[in-house]
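Engineer: Below you'll find the structure I mean.
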Amino acid sequence: MDKSQAFLQCTNCKKILFSVEFEQNLRVCSHCGHHHRLNARTRIAWTFDEGSFTELDTDLRSQDPLHFPEYEDKRSQAEAKNGVYDSIVCGTARIDDMPVSLAVADFAFMGGSMGSVAGEKITRTLERAADQRMPAIIFCASGGARMQEGLVSLMQMAKTTAAAAKCAEAGVPYIAIFTDPTMAGVLASYASIADVIIAEPKALVGFAGARVAKQAGVSKVPDDFQTAEFVFKHGMLDRIVPRRELRNVLATLCQTLGGHLLAREGNRG
């Protein structure tokens, strides 16, 4: 968004918003409550303690194993436009002074698609949490596996799921947040096996998109199908949390579920 503009239009209800008020409201429409998408760095800045984020694994770059037409160009354009090298930004940070291992998806980078680098960063985030005894927090936003990397991208589903199991074995909490959209291979792997699953209101959550479902003959669905509210009603989510409340909810969860980790570290000291 161009911050020099005094007004902008909500992408959902089309009403006009004051840019300053929109930013103060964390890019949530004051008329319809639509949660506009955030890039990874903005979400990190608004969620975690100021100045506490340390980015890691910045040297990873995707390859082109299939020599897929125009893949190199599209990836280079996404890098230049978004200032990140793939769809996941990861590292460590603090929330209410509690250390966490985190990964944040950026949908603006090729639809948040999960290729080899995204899968590796998610895996390292979860393994880092297990090894360093701190909660893992992952913000999901993806259209699914990156088709340009073929089976290499699909392999990330098993890889990330195995990494989540390491957190369970180590007794460290893993919290996933579904933002708009959380779909396909991401939903079917690490996103759905977190200890606690939260979603932003009205986030698109599902496996096959509406066009694919229609091609498969699925046409009669509820009005709220594949929304956070629908999957919450059917037991897939633990809670739907508005963006303004999310930091406090995450801090409380980390302290409640991961407090024993701090106590153990204190005893060691």
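Engineer: Need the failing condition index for MET236 against (1) part of a helix (DSSP H, G or I); (2) at pLDDT 80 or above, just the number.
Structural biologist: For MET236, the failing item is (1).
Engineer: How many residues does the range 134-151 hold that are surrounded by 18 or more Cβ atoms within 10 Å (Cβ to Cβ) and more than 16 Å from the chain's Cα centre (by Cα)?
Structural biologist: Residues of the range 134-151 that are surrounded by 18 or more Cβ atoms within 10 Å (Cβ to Cβ), as a first pass: 134-146, 148-149.
Checking which are more than 16 Å from the chain's Cα centre (by Cα) leaves us with 134, 148-149.
Residues in the range 134-151 being surrounded by 18 or more Cβ atoms within 10 Å (Cβ to Cβ) and more than 16 Å from the chain's Cα centre (by Cα): 3 in total.
Engineer: Sticking with this one: If you go through the range 222-238, how many residues are at positive phi and either surrounded by fewer than 16 Cβ atoms within 10 Å (Cβ to Cβ) or out of contact with any Leu (no Cβ under 9 Å at 6 or more places or on another chain) (or both)?
Structural biologist: Initial filter on the range 222-238 (at positive phi): 226, 235.
If we keep only those that are either surrounded by fewer than 16 Cβ atoms within 10 Å (Cβ to Cβ) or out of contact with any Leu (no Cβ under 9 Å at 6 or more places or on another chain) (or both) too, we end up with 235.
Counting residues in the range 222-238 that are at positive phi and either surrounded by fewer than 16 Cβ atoms within 10 Å (Cβ to Cβ) or out of contact with any Leu (no Cβ under 9 Å at 6 or more places or on another chain) (or both) gives 1.
Engineer: Right, something else. Are any residues in the range 97-123 in a helix (DSSP H, G or I) and either at negative phi or of a type in the set (Phe, Trp, Tyr) (or both), and if so, which ones? Break it down into steps so the answer makes sense when it comes.
Structural biologist: Initially, the range 97-123 is screened for residues in a helix (DSSP H, G or I), giving 110-112, 116-123.
Listed by number, the residues that qualify are SER116, VAL117, ALA118, GLY119, GLU120, LYS121, ILE122, THR123.
Engineer: Return only the number of the condition from (1) of a type in the set (Lys, Arg); (2) touching a residue at least 40 places away in the same chain (Cβ under 8 Å); (3) part of a helix (DSSP H, G or I) that ARG94 does not satisfy.
Structural biologist: For ARG94, the exception is condition (3).
Engineer: A further question on this structure: Need the failing condition index for SER76 against (1) under 15 Å from the mean Cα position of the chain (by Cα); (2) over 19 Å from LEU187 (Cβ atoms); (3) of a type in the set (Ser, Thr, Tyr), just the number.
Structural biologist: With respect to (1) under 15 Å from the mean Cα position of the chain (by Cα); (2) over 19 Å from LEU187 (Cβ atoms); (3) of a type in the set (Ser, Thr, Tyr), SER76 is out only on (1).
Engineer: Sticking with this structure for a sec: If we keep just the residues of the range 48-77 that are among the acidic types (Asp, Glu) and assigned to a loop (DSSP other than H, G, I, E, B), which is surrounded by the most Cβ atoms within 10 Å (Cβ to Cβ)?
Structural biologist: Within the range 48-77, the first condition is being among the acidic types (Asp, Glu), and the residues that meet it are 49-50, 55, 57, 59, 64, 70, 72-73.
Those left that are additionally assigned to a loop (DSSP other than H, G, I, E, B): 49-50, 57, 59, 64, 70.
Details: ASP49: 16, GLU50: 7, ASP57: 19, ASP59: 6, ASP64: 11, GLU70: 9.
Checked the range 48-77; the qualifying residue surrounded by the most Cβ atoms within 10 Å (Cβ to Cβ) is ASP57.
Engineer: Now for a separate question. Quick one: in the range 152-170, of everything that is within 19 Å of ILE197 (Cβ to Cβ) and among the β-branched types (Val, Ile, Thr), which residue is surrounded by the most Cβ atoms within 10 Å (Cβ to Cβ)?
Structural biologist: Of everything passing the filter in the range 152-170, THR160 is surrounded by the most Cβ atoms within 10 Å (Cβ to Cβ).
Engineer: For VAL117, state whether it is more than 21 Å from HIS35 (Cβ to Cβ), more than 13 Å from the chain's Cα centre (by Cα), among the hydrophobic types (A, V, I, L, M, F, W, C) and at pLDDT 95 or above. Write out each step before concluding.
Structural biologist: Values: more than 21 Å from HIS35 (Cβ to Cβ): yes; more than 13 Å from the chain's Cα centre (by Cα): yes; among the hydrophobic types (A, V, I, L, M, F, W, C): yes; at pLDDT 95 or above: no.
Taking the combined requirement at face value, the residue does not satisfy it.
Engineer: Based on what the data block shows, is VAL186 in contact (Cβ under 8 Å) with a residue 12 or more places away in the chain and either out of contact with any Cys (no Cβ under 7 Å at 6 or more places or on another chain) or in a strand (DSSP E or B) (or both)?
Structural biologist: Values: in contact (Cβ under 8 Å) with a residue 12 or more places away in the chain: yes; either out of contact with any Cys (no Cβ under 7 Å at 6 or more places or on another chain) or in a strand (DSSP E or B) (or both): no.
No, not satisfied.
Engineer: Okay, next question. List the number of the failed condition for SER101; all other conditions in (1) surrounded by fewer than 20 Cβ atoms within 10 Å (Cβ to Cβ); (2) touching a Cys at 6+ places or on another chain (Cβ under 9 Å); (3) small (Gly, Ala, Ser) hold.
Structural biologist: (1)
Engineer: To continue, here is another question. When the residues of the range 67-112 are narrowed to those that are polar (S, T, N, Q) and out of contact with any helix residue (DSSP H, G or I) (no Cβ under 8 Å at 6 or more places or on another chain), which ends up farthest from ARG133 (Cα to Cα)? Talk me through it step by step, then tell me what you get.
Structural biologist: Here is the first cut: in the range 67-112, the residues polar (S, T, N, Q) are 76-77, 82, 87, 92, 101.
The next check asks that each one be out of contact with any helix residue (DSSP H, G or I) (no Cβ under 8 Å at 6 or more places or on another chain); those that pass are 76-77, 82.
Numbers: SER76: 36, GLN77: 37, ASN82: 32 Å.
By that ranking, first place goes to GLN77.
Engineer: Are there any pairs, at least 6 apart or on different chains, whose C-beta atoms fall under 7 Å, with the first in the range 78-91 and assigned by TED's automatic domain parsing to the domain that holds THR54 and crowded, with 24+ Cβ neighbours inside 10 Å and the second among the aromatic types (Phe, Trp, Tyr) and not in a helix (DSSP H, G or I), and if so, which?
Structural biologist: ASP86/PHE109; SER87/PHE109
The values are calculated or read from the model by the stated rules, or taken from the named source; none is laboratory data. None of the values given here were measured: they were computed from a predicted structure. Heads up, the Cβs are rebuilt from the backbone with ideal geometry, glycines too, and the neighbour counts pull from every protein chain shown.
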